[in-house]
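Colleague: Please find one structure pasted underneath; my questions will follow.
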Amino acid sequence: MKIMVIGGGGREDAIIKKISENKNIEKIYALPGNGGIMGEATCVDIGAEEIYKARDFAVKEKIDFAIVAPDDPLAMGAVDILEEAGIKCFGPDKSAAEIESSKVFAKNLMKKYNIPTAEYEVFSEIDSAMEYVKTCKIPIVIKADGLAKGKGVIIAMDRDSAISAIKEIMQDKKFGDSGNEIVVEEFLEGPEVSVLSFTDGKTIVPMISSMDHKRANDGDKGPNTGGMGCIAPNPFYTEEIAKRCHDEIFVPTIDAMNKEGRIFKGCLYFGLMITEDGPKVIEYNCRFGDPETQVVLPLLESDLLEIMIAVREGKLSEDIVKFSKKSACCVVMASGGYPNEYEKGYEIKIGEISDNSIVYIAGAKRKYDKLITNGGRVLGLTAIDDTLEGAVSDAYDNIEKISFKKAYYRKDIGSKALIEAL
Ligand code: AMP
Ligand code: GLY
């Protein structure tokens, strides 16, 4: 089989490494891929958002199966366009992808179908939004409706920050048209859990739970990033919570999407907060998370490509998805300054990594024989062990063997989870 993977980050490296285990694959193309992905796949110079070019490439190369991994091409309708050209795809169509690409759609869906989430109001006029935050409860959360590269959520701890967030989004158009509407929602508290799931629109099979670490610095301080590290499984996701999530959130979401005529096929990501009133949805993503994928897929014992094909064909069943009982920890190594300004072009040196660890490359390119930094999140190192403690300690032992100029990484990935697990 010839496979095409759209995307070029650490998540795509993890997807490619996992599907490579399938014996029927003769070739994998990554569009555009990155300097690390060059090992298992052929990188093609087509950007993840150049979906018509991707379609033409897929038709020309007679691609048997395509995986659309990032949010932007999914929101743009990449799956609709590829399927129309006869290319079989893993990923939701444009109408189902709206569960991520429009926060207003997602919030209204949850309200209509009684799926637990934060209370909220939607505004399309700046004046009424300003009026509302003058008297609302503080802290308050302001969210741009559309995609904003993970930066469209502002937690306002005081009224002035709420007012400036609304101005930035609605007046200065910091996120362009993504800020035409905003969601203003109740501030929730509690541990966060990410649950990725496979669904074919009929059956939903949750993957092993995980915990992202979104802030740039230790102790959950500093600006929000795409994610600085992850652990799996998440000890806050107990059996009891899992059962509640299944009954109150996962199944109702699939049913709601079906009733709306937006059958979701692909990976549906539930960003959850375990509040005093039970689990609530913070966000949906219509795709694998990054860096969640880098801890979840190494623990998957089943054949990923087989699952993806079953999802597309509407033949998903629980028994084809098996996870190991082990734990994983991924530490992201970033360029100094990320998520704000940072420098690129430094050589990455990777020493001898132990057998239970994998290096996933994200923002790097290849120059002659060398790997050179080319992005904010440069790579992630995932270690697997029988215990979470072992995985965390091995991840840190191994990441010390990797270096590049101005590299930084958080030193406390997994520490909250370890306290809970003990
Ligand atoms: P999102 O981009 O929607 O994942 O939001 C980024 C982060 O903002 C989440 O992981 C939470 O930590 C935080 N967040 C989002 N919504 C809320 C909320 N209603 N209450 C508290 N924190 C929130
Ligand atoms: N790690 C969060 C995301 O992928 O959106």
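Colleague: Just to be sure, is residue 186 away from ligand 2 (no atom under 16 Å from the Cβ) and either free of Cβ contacts under 8 Å to residues at least 12 places away in the same chain or touching a strand residue (DSSP E or B) at 6+ places or on another chain (Cβ under 9 Å) (or both)? Explain how you work it out, then say what you get.
Modeller: Details: away from ligand 2 (no atom under 16 Å from the Cβ): yes; either free of Cβ contacts under 8 Å to residues at least 12 places away in the same chain or touching a strand residue (DSSP E or B) at 6+ places or on another chain (Cβ under 9 Å) (or both): yes.
So residue 186 fits the description; yes.
Colleague: Find the residue count for segment 102-136, including only residues that are surrounded by fewer than 16 Cβ atoms within 10 Å (Cβ to Cβ) and within 12 Å of ligand 1 (Cβ to nearest atom).
Modeller: Selection size over segment 102-136: 1.
Colleague: Right, here's the next one. Of all residues in segment 131-173, which are farther than 17 Å from residue 121 by Cα, within 16 Å of ligand 2 (Cβ to nearest atom) and small (Gly, Ala, Ser)?
Modeller: Scanning segment 131-173 gives 148, 150.
Colleague: Here's something else I'd like to know. Would you pick out the residues in segment 325-364 that are among the polar types (S, T, N, Q), farther than 25 Å from residue 30 by Cα, at pLDDT 95 or above and surrounded by fewer than 23 Cβ atoms within 10 Å (Cβ to Cβ)?
Modeller: First, the residues of segment 325-364 that are among the polar types (S, T, N, Q): 327, 335, 340, 354, 356-357.
Filter again for farther than 25 Å from residue 30 by Cα, leaving 327, 340, 354, 356.
Next, from what is left, pick out any that are at pLDDT 95 or above: 327, 354, 356.
Correct list: 354, 356.
Colleague: Pull up segment 157-201, narrow it to residues that are acidic (Asp, Glu) and within 14 Å of ligand 1 (Cβ to nearest atom), then point me to the one that is surrounded by the fewest Cβ atoms within 10 Å (Cβ to Cβ).
Modeller: Of all residues in segment 157-201, those acidic (Asp, Glu) come to 158, 160, 168, 172, 177, 181, 185-186, 189, 192, 200.
Now drop any that are not within 14 Å of ligand 1 (Cβ to nearest atom), which leaves 185-186, 189, 192.
Working: 185: 21, 186: 15, 189: 9, 192: 18.
Among those residues, the one meeting the criterion is 189.
Colleague: Next question. Out of the residues in segment 195-220 that are in contact with a strand residue (DSSP E or B) (Cβ under 6 Å, 6 or more places away or on another chain) and charged (D, E, K, R), which is modelled with the highest pLDDT? Walk me through how you get there before you give the answer.
Modeller: The first filter runs over segment 195-220 and keeps only residues in contact with a strand residue (DSSP E or B) (Cβ under 6 Å, 6 or more places away or on another chain), leaving 195-199, 204-216.
From what's left, charged (D, E, K, R): 212, 214-215.
Details: 212: 97, 214: 93, 215: 92.
That would be 212.
Colleague: Another one. Would you be able to say whether some residue in segment 40-54 is within 18 Å of the chain's Cα centre (by Cα), of a type in the set (Lys, Arg), under 17 Å from residue 73 (Cα atoms) and modelled with pLDDT of 95 or more? Spell out the reasoning first.
Modeller: At the first step, the residues of segment 40-54 found to be within 18 Å of the chain's Cα centre (by Cα) are 48-49.
After this cut, where a residue has to be of a type in the set (Lys, Arg) as well, the list is none.
No - not one qualifying residue is present in segment 40-54.
Colleague: On the given criteria, is residue 257 at pLDDT 95 or above, buried (at least 23 other Cβ atoms within 10 Å of the Cβ), in contact with a helix residue (DSSP H, G or I) (Cβ under 9 Å, 6 or more places away or on another chain) and part of a strand (DSSP E or B)?
Modeller: no
Colleague: Next up: For residues that are under 26 Å from the mean Cα position of the chain (by Cα) and under 15 Å from residue 223 (Cβ atoms), tally how many sit in segment 158-173.
Modeller: Number of matching residues: 2.
The values are calculated or read from the model by the stated rules, or taken from the named source; none is laboratory data. None of the values given here were measured: they were computed from a predicted structure. Neighbour counts are summed over all protein chains in view; Cβ atoms, including those assigned to glycine, are modelled from backbone coordinates with ideal geometry.
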